[in-house]
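Below: the structure, in structure tokens.
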Amino acid sequence: MMKTASDPRRIYSRNDVTHVCFDGRTFGPVGESALSLEHPVTIEKLESDGGRARVSVSQKRKGQKTAVETWRSVAVPRNPRS
């Protein structure tokens with residue numbers, strides 16, 4: 001079953017690329033991310049600014065302020081496992 005746009009999603013790390021899947025694309029942070037791989041995130045699609053597709057990624061953690069970052073579409077290398 002497909003997730004709706006508002007469903008929480010998991011952040012993954014593969015080949016040193018932190019990313020999340022949304023709307024048929026893969027999105028990742030522009031630089032270093034302060035978001036935890038241990039907690040789910042919610043995604044909101046943003047308007048294009050002339051560059052690659054972008055989304056707003058929000059993560060709530062108990063006892064902390066909600067973290068919000070803007071991520072862009074990325075390509076995750078598909079290197080074979082060693």
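A short reminder: the numbers here are calculations on the coordinates, not readings from a lab. Worth saying up front: this structure is predicted, and the values here are computed from it rather than measured. Neighbour counts are summed over all protein chains in view; Cβ atoms, including those assigned to glycine, are modelled from backbone coordinates with ideal geometry.
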Here is a check on your reading of the model: is P77 surrounded by fewer than 16 Cβ atoms within 10 Å (Cβ to Cβ) and touching an Asp or Glu at 6+ places or on another chain (Cβ under 9 Å)?
yes
Among the residues of region 44-51, are any surrounded by 14 or more Cβ atoms within 10 Å (Cβ to Cβ), acidic (D, E) and within 14 Å of V20 (Cβ to Cβ)?
no
Residues that are closer than 25 Å to P80 by Cα, touching a residue at least 12 places away in the same chain (Cβ under 8 Å) and over 11 Å from the mean Cα position of the chain (by Cα): does region 39-62 have at least one?
no
Restricting to region 54-74, what's the tally of residues that are surrounded by 10 or more Cβ atoms within 10 Å (Cβ to Cβ), in contact with a strand residue (DSSP E or B) (Cβ under 7 Å, 6 or more places away or on another chain) and either of a type in the set (S, T, N, Q) or not in a strand (DSSP E or B) (or both)?
6
